[in-house]
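Computed from the coordinates by the stated procedures, all read-outs in this text should not be read as laboratory data. Only a predicted model underlies this, so the values are computations on that prediction, with no experimental measurement involved. Quick reminder, even Gly has a Cβ in these numbers, built from the backbone with ideal geometry, and neighbours come from all protein chains shown.
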Amino acid sequence: MPQAIFHFPTGFLWGTATSSHQVEGNNRNNDWWAWEEQPGRILNGHRSGLACDWWGGRWREDLDRARETGQNAHRLSIEWSRVQPSADRWDEDALDHYRTILRGMHERGLMPIVNFFHFSLPLWLSEQGGWENDDTPALFARYVRKSVEALREYTSTWMTINEPNVYAYEGYLVGLFPPGKQDLQATMKVLYNLLRGHAMAYREIHNVQREARVGLALAVRPLRPAGPLTFLDSVAARLGSQFFNDAFADALIDGKLNMVFKTFRVPEAAGTQDYVGVNYYTMDLVRFNLLRRKDFFTERFFPPGAELSDTGFIANVPEGMFETIRWARKFKLPILVTENGVEDADDHLRPRYLIEHIHQVWRAVNYNWPVKGYFHWTLVDNFEWERGWTQRFGLWGLDVDTQQRIRRRSVDLYAAICRQNALSSEMVEAFVPALLPRLFPG
Ligand code: FCB
């Protein structure tokens, strides 16, 4: 078999993504900590606890791991409840701590991308209604401004919000995230305020730092009609996609938040992205089903035959990555894959998932679509929200009791890709030879 290699453009960003509550540990002053204390909220009664102990200093050894394995960027988030522990107080020490971490990234050759909201709210703010409260967008913009002033020396690439759609649906429609509501009106209100908050923060960041590049991470879950020729399946897929994938995203283009049931006008949101971040994990087929009133008459399921992750959370459907990037082209902006990964404790699926998804990113790059980087979720196993520690997304495993890191085989695969800025037939042969004939025919 001849050797072949799929190159990525020079300067392509290769990294991993993390979030404050999932890795820092001891985030006692946010709504998630309180949520974890309520019986029945987190699978097996798990707690974030020390998480990966980044706040205690283990960010150093983990970012050493990132550097030593060829990564050149890292996406992290700032914890609002640390920066603003109460409504009337900024914690300068916390900001200093983040400055130290960001400096640490530079020392390791990792370009930081800083995100301001990744699902966790300060307790004081959740007690006054969180994102349902119309005052929250302005408070968010103030916190963002304060943080950018403190951190501007270390980055100019920012992200306002991670997955506004997932946050609103899980917290307000499905009820698995705090505050655990199941209320369509509240869901739409929260999306509306997240959008306003994003737009205000976008402007604040640019006021402080002219050259800033600001975006957010949009969770994209392609929905395909189960019967492509079945009219009702197509309508169900289209409406589902409008509600989940397109509503918030399109408002960033034209200022109209069209959530199928209701449209809000938020003109100030139009044109508030300098790049597009997309998180892609998996996709669904959609079938119209009259019996599923509560689910808006739709049924969603994974493509039959797709390989499933440990807990059945993710189906390995690499074409969805290509579809997601194609979808993101509508913004006509640079694109970053800001999350992609799979829960896989014994690492039997991850190498295949990694290769197949990165191959799809490469295909997109080959069409000259402006993909600028890929961030794997995640570096070390971390606290997976209401699923606790049951899902293991890390390149490195974590023994939660001892804080010991366990190197998975995927580390070496991802390191080879990052170092060579390429995916080669040699790597595929070494890690998942069964993929060779499909990826490198000849
Ligand atoms: C995404 C979240 C991230 C992590 C991954 C598995 O939806 O942004 O925090 O939980 O899923």
In the structure shown, do any of 256/330; 256/372; 262/332; 330/372 have a Cα-Cα gap over 18 Å, and if so which? 256/372; 262/332
For 167, 98, 367, which order do you get if you count the other beta carbons within 10 Å of each Cβ and list the fewest first? 367, 98, 167
Considering the dipole of the stretch 5-439 built from charges on the beta carbon (Lys and Arg +1, Asp and Glu -1) around the Cα centre, which of 212, 169, 81 is farthest to its positive end? 212
Computed [θ] at 222 nm, deg cm²/dmol, the chain (DSSP H ≥ 4; -39,500 (n - 2.57); rounded to nearest 500): -10500 deg cm²/dmol
Could you work out the equivalent-ellipsoid semi-axes for the chain, taking the square root of 5 times each eigenvalue of the Cα gyration tensor, largest first, in whole Å? 30, 28, 22
Dipole magnitude of the stretch 14-160 about its Cα centre (Cβ charges: Lys, Arg +1; Asp, Glu -1), debye to nearest 20: 420 debye
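For a quick protection proxy, order the peptides 371-382, 422-433, 244-255, 65-76 by their average other-Cβ count within 10 Å, most packed first.
Put in order of decreasing packing, that is 371-382, 65-76, 244-255, 422-433.
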Considering only DSSP beta bridges with both partners in the chain, what is the antiparallel share in %, to the nearest 5? 35 percent
Describe numerically, in nm with one decimal, the distance between label points set 7 Å from Cα along Cα→Cβ at residue 253 and at residue 128. 3.6 nm
The stretch 335-382: GluC sites (Glu not before Pro) falling in loop per DSSP and having at most 15 other Cβ within 10 Å: none
How big is the charge dipole of the stretch 5-439 about its Cα centre, in debye rounded to the nearest 20, if each Lys and Arg gets +1 on its Cβ and each Asp and Glu gets -1 on its Cβ? 1140 debye
Between 207, 162, 193, which gets the highest mean-square fluctuation from a Gaussian network model of the chain, Cα cutoff 10 Å? 207
Which of the GluC sites (Glu not before Pro) found in the stretch 183-273 are loop residues per DSSP with 15 or fewer other Cβ atoms within 10 Å of their Cβ? 211
Simple Cβ-charge dipole of the stretch 79-233, Lys/Arg +1 and Asp/Glu -1, about Cα centre, in debye nearest 20: 460 debye
